[in-house]
Structure formats: structure tokens, C-alpha cells
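Visitor: Here it is, the structure in full.
Where a number appears in this text, it was derived from the coordinates with a stated rule and is not lab data. Since we're looking at a predicted model, the values are computed, not measured. Note that each Cβ is placed from the backbone with ideal geometry, even for glycine, and that neighbours are counted across all protein chains shown.
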Amino acid sequence: MKQIARWLVGNFPLMVMALILATLAWFVAVEQTNPTVERRFSQPIPVAASNLPEDLVIVGTFEERVQVTVRTTQSVWDSLRVEDFDAVADLSGLGRGTHEVPVAVELDKEPARITERDPQTVVVELDSRASPTVPVRIETEGRPAIGYVPRPKVVEPKEVTVVGPTSYVTRVVGAFAALSIQGAEEDIEEALRVRPRDEEGNSVPYVSLTPETVEVRIPIEPSGYHTTLAVKAVLTGEIASGYRITDISIDPPTVTVFGDPDDLAALEQGFIETKPIAVEGSQDDVVVRPGLSTPPEVTLVPGQQVEVHVFVEAIQSSVTITNAPEIQGLEPGYTATVSPDTVQVILSGPLPRLESLTADDVRLVLDLFDLPVGTHQIEPEVIAPAEITAQGVIPATVQVRISELADLTPTPSITTTATVTGTTVVTGER
């Protein structure tokens with residue numbers, strides 16, 4: 001035992017030196033694989049205000065931020081996020097006024113240490129809290145339609161609560177909103193967002209209203225000195241024969257007149273007539289802006305003018321004509337026999353156009369192009385003037401027999417047509 005003790009005592013300095021060297025070697029190895037770094041964090045850290053006294057409020061918006069410099073290992077640095085930091089400005093014990101408050105920043109990471117923060121303090125203005133009530137004031141814009149008047153506004157609620165710093169709350173004289181009644185002919189109901197304003201009409205910052213919206217109703221009623229009358233178009237003359245009036249459009253359909261309430265109440269007819277509108281011989285639409293024949297006891301409100309549109313169109317009818325088909329596309333050296341030799345065509349269109357129509361105006365064409373020798377059923381093609389529509393052909397098809405010219409006595413360079421017992425024979429040119 002004594003020998004062991006003497007050995008330990010004799011070698012103790014060497015053992016301590018070996019332990020120190022081993023520790024240094026470990027630190028060097030760790031530093032090489034995971035070095036220590038000291039850098040400024042790239043993102044600003046939001047500062048939270050804590051321990052605000054209950055009877056005080058922060059004036060304005062508290063959105064302070066702080067930049068920090070961190071000393072830590074590379075692995076910890078790579079994992080840092082904004083959420084790992086906790087920056088706080090402690091407001092406990094402060095009163096009304098402007099204060100410079102230190103910012104404390106903590107980092108929930110090991111090993112890590114905050115070596116610098118910028119700024120180190122933030123400026124905070126505190127004021128006492130106030131919450132009075134102020135009246136709601138609704139401003140109307142525009143005027144109702146002619147002949148209508150607005151009645152007193154109905155607002156619910158009539159007052160709202162203003163919450164915020166006393167120095168700003170005391171500037172608020174009311175909660176304001178605007179509502180347009182321009183051209184209104186019936187009651188207006190709307191939910192409006194109100195805003196705090198001072199005596200000069202300026203918006204007051206840093207305060208809030210409770211509630212933020214109010215319900216507004218403005219009754220709109222007819223004026224006793226105005227009334228609305230329908231407009232009736234008065235036409236003179238007859239439109240052209242074969243045409244008809246399909247519609248009469250009046251824009252606007254009503255006008256406003258004013259006068260004594262008793263005179264307005266005595267207007268039994270309930271409408272006002274236009275000056276006579278001449279439509280004599282019209283074949284097209286008539287568009288005019290006529291004057292109005294106002295009763296002597298009332299006056300038309302100035303600035304009103306109506307436009308009358310009389311829609312005129314031709315009466316649609318139908319007619320049947322009989323005509324002989326025409327051959328097209330028959331090759332030289334061939335003849336064609338058509339049966340029957342006449343067909344009926346049912347045509348529709350404007351009556352005046354149909355009345356002036358003749359058989360020569362309508363063609364019935366049989367297209368024999370590329371058809372071989374033999375018997376065929378062909379649908380005649382109707383070629384009619386503009387505005388005329390073919391509704392049907394009787395019969396719908398005709399029989400055409402194509403033969404070689406050698407079957408008949410030829411006549412060079414002449415097309416011969418002969419009708420025998422309802423059959424038309426057409427000879428093609430050679």
C-alpha cells in the first residue's frame with residue numbers, strides 16, 4: 001500500500017497534466033466539427049409589452065422590434081428561428097406619460113448566449129383608459145327622386161362607446177357615417193360602419209368604437225306637391241297598307257308633375273298624353289321625342305323628356321303559285337322527261353311584297369348534273385326574291401327520266417321542249 005501511495009504521489013502531476021491535455025484535445029476536436037460562431041440574427045424579433053397597468057393603455061400601436069447578436073455553436077445557429085426568442089418590455093410600475101423601457105431578450109437554446117441587442121430600449125407612451133359614449137351622426141348625400149322627400153332618420157343604436165387613451169377619446173364628438181339617398185323612391189335601409197371624428201370632421205386615431213356598425217333607415221315618401229303620371233302616346237294617321245304596329249315603347253314610361261295638392265288629387269285619368277305623333281303611310285319604325293299635353297292646373301317638372309318608339313313591320317302572309325321547273329346540268333346528247341310538268345310553291349313573307357309577286361319572280365330548278373341514264377326523283381330548288389321564303393313544294397319531288405338523244409329525232413344545237421299529257425321532254429344540245 002505504501003508503495004502504491006508513493007507511486008500515486010510521485011505521478012500525480014503527470015496524471016493531472018494528462019487529464020488537462022485530454023480535455024484540451026476534446027475541446028479542439030469539438031471545435032473543429034462544430035465551431036463556435038457569433039453572428040447577428042437576420043430577422044428582427046418582435047417585442048411584447050408586459051405587465052401593463054389595468055387603468056392605462058398604450059397610445060398608438062406597439063409594434064417594436066429588436067435585432068440580436070448570438071454566440072453559439074454552428075449546429076444551434078443553423079436551427080434558430082424567430083420563435084426561439086422572447087423579447088419583452090416590462091411596463092410594470094409605470095404611470096401616464098412617455099417612458100424609455102429596457103428590452104429583455106431570452107433565447108431558449110443551449111449552448112447559446114445573446115451578446116448584443118439593438119435597440120436596448122423602446123419608447124412607450126401610456127395614458128389613462130377612457131370609454132365614454134358619443135352620439136351617432138348619419139350624413140345624407142344627394143336628393144331623392146323628383147316628387148319625393150326624405151323623412152327623419154331612424155338609427156339603432158343612437159350612441160356608441162369610444163374606447164382608447166383619454167387624450168384622444170376626449171377629442172371624439174361623434175361616430176359618423178354617410179348614406180346616399182340620390183334618386184331614391186322608396187325607404188332606404190342599410191348597415192353602416194361608423195368612424196370617430198373630432199369637431200373639425202377629422203378622423204381620430206388610436207380609438208375604437210363599440211359597436212362599429214349601426215342600422216339606419218330613412219323613410220322616403222311622395223311629396224304632397226308632386227305626383228307621378230304615366231305617359232300615353234297619341235298617334236295620328238294610318239300606317240301603310242300591309243303593315244302593322246307591333247309595339248309602342250315610351251322612355252321613361254312616367255313623368256313627374258307638381259301643383260296644388262287638391263289639383264293633383266283631382267287628376268282622375270292618372271296619365272298624361274303626348275302631342276300627336278304622325279305615323280301616316282309609315283313602313284318603318286317611327287322614333288320621336290314629342291312634347292307632353294299637361295293639364296292646365298299642373299306643371300311638368302323641368303328637365304324631363306320622353307322618347308316614343310313606334311315599332312312597324314309588314315304583315316306576314318302566304319301565297320301559292322304554279323310554275324314549271326327548269327332543267328340544269330343535262331349533258332349534251334341526252335334528253336330529260338319531267339313529270340309532272342308544273343309544281344305548286346307555297347311562299348311566305350311580307351304581304352306588300354307577296355301582292356307584287358309574279359310567277360316570273362320565282363324559279364324552280366332541277367339539277368341533273370352527273371346523273372346517269374334512268375329515272376330519278378328530284379327535289380326542286382326554289383329560288384325566290386329577298387324577304388320571300390319557300391314554305392313547301394307540291395309535290396315535294398318530281399320524276400325525271402334521262403335518255404340518250406338517239407331515242408328521239410335530234411335537232412342539232414337546239415333545245416326542244418314538248419308537253420304531252422302533263423309530261424315535259426327536254427332535249428340536251430349536241
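Visitor: Give the residues of segment 279-314 whose amide nitrogen is closer than 16 Å to a point set 7 Å from the Cα of residue 240 in the direction of its Cβ.
Guide: 279-287, 311-314
Visitor: Return the equivalent ellipsoid semi-axes of the chain as a descending list in whole Å, where each equals the square root of 5 times an eigenvalue of the C-alpha gyration tensor.
Guide: That gives 99, 56, 13 Å for the three semi-axes.
Visitor: Fully extended, how many nm does the chain gain between residue 319 and residue 305 (0.36 nm per residue separation, minus their Cα-Cα distance)? Intermediate values should be presented prior to the final figure.
Guide: Working: separation 14, 0.36 × 14 = 5.04 nm, distance 4.47 nm.
My answer for the length gained is 0.6 nm.
Visitor: If you build the convex hull over the alpha carbons only and average its shadow over all orientations, what do you get for segment 36-127? Give it in nm² to one decimal. Don't skip to the answer; put the middle values down first.
Guide: Details: hull surface 23.6 nm².
That works out to 5.9 nm², a quarter of the Cα hull's surface.
Visitor: If packing is taken as the average count of other Cβ atoms within 10 Å, what order do 202-212, 256-266 fall into, highest mean first?
Guide: Per-residue Cβ counts within 10 Å, averaged per peptide and sorted highest first, yield 256-266, 202-212.
Visitor: Round to the nearest 10 and give me the degree value, 0 to 90, for the angle of helix 2-33's Cα axis relative to the longest principal axis of the chain.
Guide: For helix 2-33, the angle is close to 30 degrees.
Visitor: Can you classify segment 321-365 as rounded, prolate or oblate using the Cα gyration tensor, where a ≥ b ≥ c are the square roots of its eigenvalues, rounded means a/c under 1.5, and otherwise it's prolate if a/b beats b/c and oblate if not?
Guide: Prolate, because a/c is 1.5 or more and a/b exceeds b/c.
Visitor: Next question. Beyond 15 Å, how much of the Cα-Cα pair distribution for segment 240-296 remains, as a whole percent?
Guide: 61
Visitor: Stretch residue 106-residue 251 to full length: gain in nm at 0.36 nm per residue minus the Cα-Cα span?
Guide: Additional length available on full extension: 44.6 nm.
Visitor: Another one. Just for the Cα atoms in segment 54-208, what are the lengths along the principal axes, largest first, rounded to whole Å?
Guide: 82, 36, 22
Visitor: Helix-derived [θ] at 222 nm for the chain: sum -39500 (n - 2.57) over DSSP H runs of at least 4, divide by residue count, nearest 500?
Guide: Using -39500 (n - 2.57) per qualifying helix, the result is -3500 deg cm²/dmol.
Visitor: What residues qualify as long-range amide H neighbours of residue 333, i.e. H under 5 Å apart, gap of 5 or more or another chain, H built at 1.01 Å from N?
Guide: 428, 429, 430
Visitor: FRET efficiency for residue 75 and residue 220, Cβ-Cβ distance as r, R0 = 51 Å, nearest 0.05? Present the calculation step by step, with values, prior to reporting the outcome.
Guide: Values: r = 74 Å, r/R0 = 1.44.
So the FRET efficiency works out to roughly 0.10.
Visitor: A further question on this structure: At a Förster distance of 30 Å, what's the computed FRET efficiency of residue 51 paired with residue 83, Cβ-Cβ distance as r, to 0.05?
Guide: Details: r = 22 Å, r/R0 = 0.73.
Once rounded, the FRET efficiency stands at 0.85.
Visitor: Could you tell me whether segment 106-169 comes out rounded, prolate or oblate from its Cα gyration tensor? Rule is a ≥ b ≥ c as square roots of the eigenvalues, rounded for a/c under 1.5, then prolate if a/b exceeds b/c, otherwise oblate.
Guide: prolate
Visitor: Moving on to the next point. Starting from 0.36 nm per residue, how many nanometres of slack lie between residue 269 and residue 396 once their C-alpha separation is accounted for?
Guide: Separation in residues times 0.36 nm, less the Cα-Cα distance, equals 39.9 nm.
Visitor: Related question: Can you list the residues, at least 5 places off or on another chain, whose amide H is less than 5 Å from the amide H of residue 376, using H built in the peptide plane?
Guide: Under 5 Å from the amide H of residue 376 lie the amide H atoms of 400, 401, 402, each far enough along the sequence or on another chain.
Visitor: For a Förster distance of 25 Å, can you work out the FRET efficiency between the beta-carbons of residue 158 and residue 182, rounded to the nearest 0.05?
Guide: Once rounded, the FRET efficiency stands at 0.50.
Visitor: Related question: Among 249, 339, 131, which one moves the most in a GNM of the chain with springs linking Cα atoms closer than 10 Å?
Guide: Judging by the Gaussian network model, the answer is 339.
Visitor: Looking at segment 307-415, which chymotrypsin sites (Phe, Trp or Tyr not before Pro) are in a loop (DSSP not H, G, I, E or B) and have at most 16 other Cβ atoms within 10 Å?
Guide: In loop regions of segment 307-415 (DSSP not H, G, I, E or B), the sparsely surrounded chymotrypsin sites (Phe, Trp or Tyr not before Pro) are 369.
Visitor: Ok, one more. Output ³J(HN,Hα) for segment 241-256: one whole-Hz value per residue in order, computed from phi by the Karplus curve 6.51 cos²θ - 1.76 cosθ + 1.60 with θ = phi - 60°, and x for Gly and Pro.
Guide: Running phi through 6.51 cos²θ - 1.76 cosθ + 1.60 with θ = phi - 60° gives 4, x, 10, 9, 8, 9, 6, 10, 10, 10, 10, x, x, 9, 9, 10 Hz.
Visitor: Separate question: Just flag the GluC sites (Glu not before Pro) in segment 318-396 sitting in loop per DSSP whose Cβ has no more than 13 other Cβ atoms within 10 Å.
Guide: Taking segment 318-396 and a limit of 13 other Cβ atoms within 10 Å, the loop GluC sites (Glu not before Pro) found are 387.
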